[in-house]
Amino acid sequence: MFNRLSRRHFAKIAGWSALGLSTKSASGQTPSGTQAGPSNRGQPSSFPGHFLWGTATSAYQIEGAVNEDGRGPSIWDRFAHIDGKISDHSTADVANDHFHRYKEDVQLIKALGAKAYRFSIAWPRVFPEGTGAPNPKGLDFYNRLLDELLANGIEPFATLYHWDLPQSLQDRFGGWRSRETSKAFADYAAYVAERLSDRVKDIFTINECSRLVYSGYGAGIDAPGLSLPPQELNQVMHNVALGHGLAVQAVRAHGRAGTKVGPAENLVVCIPAIETPANIRATEIATRELNAGYLTAILEGKYTDGFLAYAGKNAPTYTAEDLKIISSPIDFVGLNIYLPHHYVVAADNAAGFSLLPFPKSFPHMESDWLKIGPEAMYWAPRQVAKLWNVKSIYITENGASASDQPVADGNVYDLDRIMYLRNYLTQLQRATSEGVPVLGYFLWSLMDNFEWADGFEKRFGLYRVDFNTQRRTPKLSASFYREIIERNMVV
Ligand code: NOJ
């Protein structure tokens, strides 16, 4: 039964008839985005007419084929093979086998009606040693992928670094502990921009600096698995910021005219506990200070007084020239928004704000860390736009893992994921209807994949993946997202 229904599902994916969905809205209207022209203000429940709907993945989490076409080893290959690092003892040697199945996967994106796709390029495919001789065969995979995306009317958004550092840079320089890695990143960015920007118009530099620093070099739960003291940790973050800035400059110098570039960061999200003017102002101050090591530095060209005072002797060493590079002008800010990090109230203290403790009963998804705070999706872009006068924002990731057990009819009715998405997207719609300049949204993730130290145990996909057979099957949330895209509104 499971197989029969799933196959039918899959075969009919473009029509989605198995789940009884039509391409018309419940009210019988055609999708508002196609009808209402460039802006749908006035139709309060719609997104702007030009809003870009997409999904996201990353190279190491889906590609597999780690030894093919001259790819070099990455720190995640090494890390995942160390016993005990990945909870289910898996590796991403095969993962979703996307390297061989990318054509099928592009059809999955197309079946959602999504018009954009955020993927990442594996640095060790392009420069197996991180520096030195490039590997054109490795780059060719992305040539094939880009051609396939464009042939199917899907706009590619490429991330240059989603954590799969060439192992050789770790061995030779200590990875991001050294600015040699920042410089190597710029050379890689230049090479990619030169060869791919005829087709990729939008490039993200580094995915989630703060997670890669704190989990990879602080807590040791991500590759390279280090636990460095505070000063070194701040230096790693500075080197990553420098790498970002150098890559921005490299893309400008080597990409086609009009290529756009910016970061994709997991902002520390601060939310006013109660929406009073004083709390809203206090929350802006908190956002600026709690992101001072990366995003604030990128957008202001300095480390805030608060950051330097707090860091004290643990501050990174840097030059004025570094700060200029770090704050090289960007075209957009990408935000990965999953959860509220802090609820804030105004306070009569030196900082001007207090962070409230979370009660034990605060709701969360399957994983404890994934707190459910849909307002994050409103306040984060609003604050970024207001604090730094940012004119273009993308939500580069948002989504949730869920238990996703197929029921007797073989389908996954992931009502919890739908609930999560509906609430977050309602808040995003609140932001866009107020004029917050969010241009697009990339749902994490297109399909279940290798969730880092959680292996394959945590599923974030719109499509369920059976990792024994590589069969992809749409979950109910895929139908839900397709409806949203089709109607350009939260349904
Ligand atoms: C953010 C990361 O960019 C992505 O790789 C990860 O899978 C998701 N969060 C979910 O944890």
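List the pairs from Lys110/Lys183; Lys313/Lys386; Lys302/Lys391; Lys110/Lys458; Lys260/Lys371; Lys183/Lys260 whose alpha-carbon separation is above 27 Å, in the order I gave them. Correct reply: Lys110/Lys183; Lys313/Lys386; Lys260/Lys371. Net charge in the neighbourhood of Gln231 (other residues with Cβ under 14 Å of its Cβ; Lys, Arg +1, Asp, Glu -1) is +1. Based on Cα contacts under 8 Å between residues 6+ apart, the chain shows a relative contact order of 19 percent. Annotation for Ser87 and Ala347: the two label points, set 7 Å from Cα along the Cα-Cβ direction, are 3.2 nm apart. Multiplying the residue separation of Arg471 and Ala320 by 0.36 nm and subtracting their alpha-carbon distance yields 49.1 nm. Taking the DSSP beta bridges with both ends in the chain, the antiparallel portion is around 25 percent. Surface analysis of the chain yields an accessible area of 38 Å² per residue, using protein heavy atoms and a 1.4 Å probe.
Using a probe radius of 1.4 angstrom, the carbon and sulfur fraction of the accessible surface of region 57-196 is 49%.
The Cα atoms of region 7-487 give a gyration tensor whose axes a ≥ b ≥ c have a/c under 1.5, which makes the shape rounded. Report note on the peptides 57-64, 334-341: ranked by the mean count of other C-beta atoms within 10 Å, highest first, their order is 57-64, 334-341. Net charge in the neighbourhood of Glu155 (other residues with Cβ under 11 Å of its Cβ; Lys, Arg +1, Asp, Glu -1) is +3. Here the scattering of region 152-259 is modelled by Debye summation over its C-alpha atoms, one equal scatterer each and no solvent; at q = 0.17, 0.18 Å⁻¹ the log10 of I(q)/I(0) is -0.76, -0.83. Counting Lys and Arg as +1 and Asp and Glu as -1 over every other residue whose Cβ lies under 10 Å from the Cβ of Thr304, the net charge comes to -1.
The values are calculated or read from the model by the stated rules, or taken from the named source; none is laboratory data. Only a predicted model underlies this, so the values are computations on that prediction, with no experimental measurement involved. Backbone-built Cβ (ideal geometry, glycine too); neighbour counts: all protein chains shown. Just the protein is used for accessible areas: all its heavy atoms, side chains included, with ligands, DNA and RNA removed. Shrake-Rupley method; radii C 1.70, N 1.55, O 1.52, S 1.80 Å.
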